[in-house]
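Structure first, then comments.
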Ligand code: DAH
């Protein structure tokens, strides 16, 4: 809109050209003002100001010009054209303003509807459910296994996954180059050829080194259960993984016998698989136990009658165990305890038993998992079954 508001001129010269200029100036002012119209109110004010019957600028101006003009006919024709032009400009602008307002109202209505919907609180709708994580089946199994022994008064211990050759092998009576080392294909930390063998680092192949760490730091009697991760240079298949978990146990006291071992493990298997499960012990070999045994449980799937799961034998082999080899106690004479004293593992007075079992194998049995890889897949379709 022009900033100066149009006023009718005072005519001093009634010549044709001066009258024509007056008509042009009026139309010019009108056309600028009409372009600035944006609302219905403004349109109405404008209509009264320009088209009002008596006071409207178009009629008032034109009749003044005509009255003043020498050439009335020419001025009359100019008035006719002015009326047509101004009415057309006004109609066009009004039309545009109406259209703009209509579009705006549609847009605003949809925004308002949107806002109304967002702010609308329907207390009858169900809440937003957030899925709550659960313990991984391996963690759960490991915790359950550990809890069985904790309930018998065992303390719970852990040890490092990167271990020295001494704790993983030598102290457990696997001497250097002994063929028993071949039963645990090992991943070693590279570039340690300068060190003596017993100080070289490797990924522990079992949780048994924590037996040694425990006895080095604590005098007997002791009972400890050790859950943890172990590593072997093994190919993956449906039942093997190069990284897996074990739960280890150690009990050392005076007068510990093989019966104590049998009673403890029989109880543990019943606690884990149900009270109808039976156990049996077969001679086996581990360098750090003497005698050593493999433990079988009656097949919890068929109750011992024979099925596909137990390869129709009625029994499933589950863990290794034995009485602590006196050579292991003797090897403790080397390192000192944390308090600087040598631990009192006098093989004439004390004895002990130990056991170790695979967590994956037990979890696969408990939950009917056919492929060990499922535990490590991170696949929610698998994991959500343990909710
Ligand atoms: N450490 C053995 C392994 O990984 C398992 C084992 C056997 C642990 C007998 C023991 C034991 O404590 O007494 O194969």
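For the reader, a short list of remarks on this structure follows.
- Among (1) under 39 Å from the mean Cα position of the chain (by Cα); (2) surrounded by fewer than 17 Cβ atoms within 10 Å (Cβ to Cβ); (3) part of a helix (DSSP H, G or I), the one test that residue 190 misses: (3)
- Some residue of the range 49-66 being loosely packed, with under 13 Cβ neighbours inside 10 Å and part of a helix (DSSP H, G or I): no
- Residue check, residue 182 in a helix (DSSP H, G or I) and free of Cβ contacts under 8 Å to residues at least 24 places away in the same chain: yes
- Selected residue (only one of 271, 190, 217 is touching a helix residue (DSSP H, G or I) at 6+ places or on another chain (Cβ under 7 Å) and away from the ligand (no atom under 16 Å from the Cβ)): 271
- Enumeration of residues in the range 370-381 that are in contact with a helix residue (DSSP H, G or I) (Cβ under 8 Å, 6 or more places away or on another chain) and modelled with pLDDT of 95 or more: 372, 374, 375
- The listed residues are 90, 169, and the only one of them that is over 30 Å from residue 265 (Cα atoms), at pLDDT 95 or above and surrounded by 15 or more Cβ atoms within 10 Å (Cβ to Cβ) turns out to be 90.
- Among the residues making up the range 105-149, those that are in a loop (DSSP other than H, G, I, E, B) and over 30 Å from residue 359 (Cβ atoms) are 120, 121, 122, 123, 124, 125, 126, 127, 128, 129.
- For the range 199-214, residues that are more than 16 Å from the ligand (Cβ to nearest atom) and surrounded by 15 or more Cβ atoms within 10 Å (Cβ to Cβ) total 2.
Table: residues versus (1) under 43 Å from the mean Cα position of the chain (by Cα); (2) more than 15 Å from the ligand (Cβ to nearest atom); (3) at pLDDT 95 or above.
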{"site": "282", "(1), (2), (3)": "no, no, yes"}
{"site": "286", "(1), (2), (3)": "yes, no, yes"}
{"site": "289", "(1), (2), (3)": "no, no, yes"}
{"site": "297", "(1), (2), (3)": "yes, yes, yes"}
{"site": "300", "(1), (2), (3)": "yes, yes, no"}
{"site": "308", "(1), (2), (3)": "yes, yes, no"}
{"site": "315", "(1), (2), (3)": "yes, yes, yes"}
{"site": "319", "(1), (2), (3)": "yes, no, yes"}
{"site": "327", "(1), (2), (3)": "no, no, no"}
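- Residue 243 being touching a strand residue (DSSP E or B) at 6+ places or on another chain (Cβ under 9 Å) and more than 12 Å from the ligand (Cβ to nearest atom): yes
The values are calculated or read from the model by the stated rules, or taken from the named source; none is laboratory data. What you see is a predicted model, and the numbers here were worked out from it, not measured in a lab. Here the Cβ is made from the backbone with ideal geometry for all residues, glycine too, and neighbour counts use every protein chain on show.
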